[in-house]
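> Before I ask anything, let me first share the structure, which is written out below as structure tokens.
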Amino acid sequence: MIDTLKEHLVAVENFSSQSPEEIENFRIKYLGKKGLMNEFFAAFKTIPNEQKKEFGQVINQLKQAATEKVNVLKEALEDQQDTAGIYGDLTRPGQPLELGARHPISIVKNQIIDIFSRIGFNVSEGPEVEDDWHNFTALNLPEYHPARDMQDTFFIQTNPDILLRTHTSSVQVRYMENNKPPIRTISPGRVYRNEAISARSHCFFHQVEGLYVDKDVSFADLKQTLQYFTTEMFGKSKIRLRPSYFPFTEPSAEVDVYWGLETEADYRMTKGTGWLEIMGCGMVDPNVLKNCGIDPEEYSGFAFGMGIDRIAMLLHQITDIRLLSENDTRFLKQFKSAL
Ligand code: PHE
């Protein structure tokens, strides 16, 4: 009898299964009501006294082993079901995550912000739906001023005082109204103009405008700042300032950067001159300072403004501005590796 028990002990210890039914059958076979363990315990009475001690030990051992085996196998089964059920097979190779690409407008905007923040400019933003005062009047463009025609404006139909801003100079007005000099701020944002859409122009685009107001700010400071910018942005330090006109700056200038004539692309981009126009700038008109609550006797300042789309197109050889707003992923994916 003892030998039979010992054989069972070996069998129990060697038993293994991942099938719930097999494990259940095993449990019933040994530990069920009509199972072997109960049979063995019943047989205990018939065992001669001198063998009882050893028989008792082996039978207990067998019961423990069977109970333990059932528990261990069931646990393993549950673990396996968990991983399969909740997480799937954890040993499978991962799904490749497709990283998004930054939009070329964002890339260029961030570069510009980075360059100016290194010389102490902060970033200011304002609403795209503006009022006449911030977009025009405060900027020395009173009603009926002919220069208002320079920028074809989208008005909100029911209220001619409300419009889509035509430049981010409106943010500079807001900034001057709310902050005391010294002011060093750049204002990036989207602007709107009622223009026919073509490869070269769109009814909305993006600008970054800069403003510096303090005591004794001079035109030389402006030129130095712009030269720093073109060097950092394009690796080109040769610039020229051509006299121009903006109602909010006096004197005003267009900024050209010398791009060079080394490649065929240089020729194409600069129309054979080597020079590229990249922005407008000037000394803030004293009237504008006054309109914004800054005393022009005490303070002076410079301002500049550039188109982000145009610069993105220059840097990445994009020939159609519409690509920048069409969200064609074949186009956008090309910028994956950029900043
Ligand atoms: N606001 C001008 C524009 O939209 C750009 C500019 C800004 C020019 C500041 C001079 C000074 O074209």
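The values are calculated or read from the model by the stated rules, or taken from the named source; none is laboratory data. As the structure is a computational prediction, the values presented were derived from the model and not from experiment. For neighbour counting, all protein chains shown are included, and Cβ atoms are generated from backbone atoms with ideal geometry for every residue, glycine included. Just so you know, the surface numbers come from the protein's heavy atoms only, side chains and all, with ligands and any DNA or RNA stripped out. Shrake-Rupley method; radii C 1.70, N 1.55, O 1.52, S 1.80 Å.
> Residue 180: which lysines have alpha carbons under 30 Å from its alpha carbon, excluding same-chain residues fewer than 8 sequence positions away?
109, 215, 223, 290
> Determine ³J(HN,Hα), in whole Hz, for all residues of region 194-199 in sequence, where each value follows from phi through the Karplus function 6.51 cos²θ - 1.76 cosθ + 1.60 and θ = phi - 60°; x replaces Gly and Pro.
Result, ordered by residue: 7, 10, 5, 7, 8, 5 Hz.
> Given a Förster radius of 45 Å and the C-beta distance between residue 16 and residue 98 as r, what FRET efficiency does 1/(1 + (r/R0)^6) yield to the nearest 0.05?
0.55
> With no solvent and one point per C-alpha, what does the Debye sum give as log10 I(q)/I(0) for region 104-335 at q = 0.12, 0.15, 0.16 Å⁻¹?
-0.67, -1.06, -1.21
> Per 0.36 nm of contour for each residue apart, how much would the distance between residue 203 and residue 215 grow if the chain were fully extended, relative to their Cα-Cα spacing?
Gain on stretching residue 203 to residue 215: 0.5 nm.
> Can you tell me how much longer the chain between residue 33 and residue 179 gets when fully stretched, taken as 0.36 nm per residue apart minus their C-alpha distance, in nm with one decimal?
This chain segment gains 43.8 nm when fully extended.
> Name the long-range amide H neighbours of residue 167: under 5 Å, sequence gap of 5 or more, or other chain; modelled H, no Pro or chain starts.
Under 5 Å from the amide H of residue 167: 192.
> Taking H as built 1.01 Å from N, whose amide H comes closer than 5 Å to the amide H of residue 253, not counting residues under 5 places away?
Answer set, sorted by chain and number: 244, 281, 282.
> Give me the percent of accessible area attributable to carbon and sulfur for region 2-88, probe 1.4 angstrom.
49 percent
> At 0.36 nm per residue, minus the direct Cα-Cα distance, what do residue 162 and residue 4 gain on full extension? Give it in nm, one decimal, please.
47.0 nm
> In whole percent, what relative contact order does the chain give with Cα contacts below 8 Å and a gap of six or more residues?
Across the chain, relative contact order equals 16 percent.
> Sticking with this one: At residue 118 and residue 328, where each label point lies 7 Å from the Cα along Cα→Cβ, what is the point-to-point distance in nanometres?
3.4 nm
> How large is ³J(HN,Hα), in whole Hz, for each residue of region 133-144 in order, when computed from phi with the Karplus curve 6.51 cos²θ - 1.76 cosθ + 1.60 and θ = phi - 60°, using x for Gly and Pro?
Along region 133-144, the couplings run 4, 6, 7, 10, 4, 5, 8, 6, 10, x, 3, 6 Hz.
> Now for a different question. Report the residue, chosen from 19, 170, 198, that carries the largest GNM mean-square fluctuation when the chain is represented by alpha-carbon nodes joined by springs under 10 Å.
19
> Straight-line reach from residue 45: which lysines have a Cα under 21 Å away, not including same-chain ones fewer than 8 places off?
Here the lysines satisfying the reach criterion relative to residue 45 are 6, 33, 34, 53, 63.
> Under the rule of -39500 (n - 2.57) per DSSP H run of 4 or more residues, summed and divided by the residues of the chain, what mean residue ellipticity at 222 nm is obtained, to the nearest 500 deg cm²/dmol?
Values: 12 runs with 137 residues, N = 339.
The per-residue figure over the chain is -12500 deg cm²/dmol.
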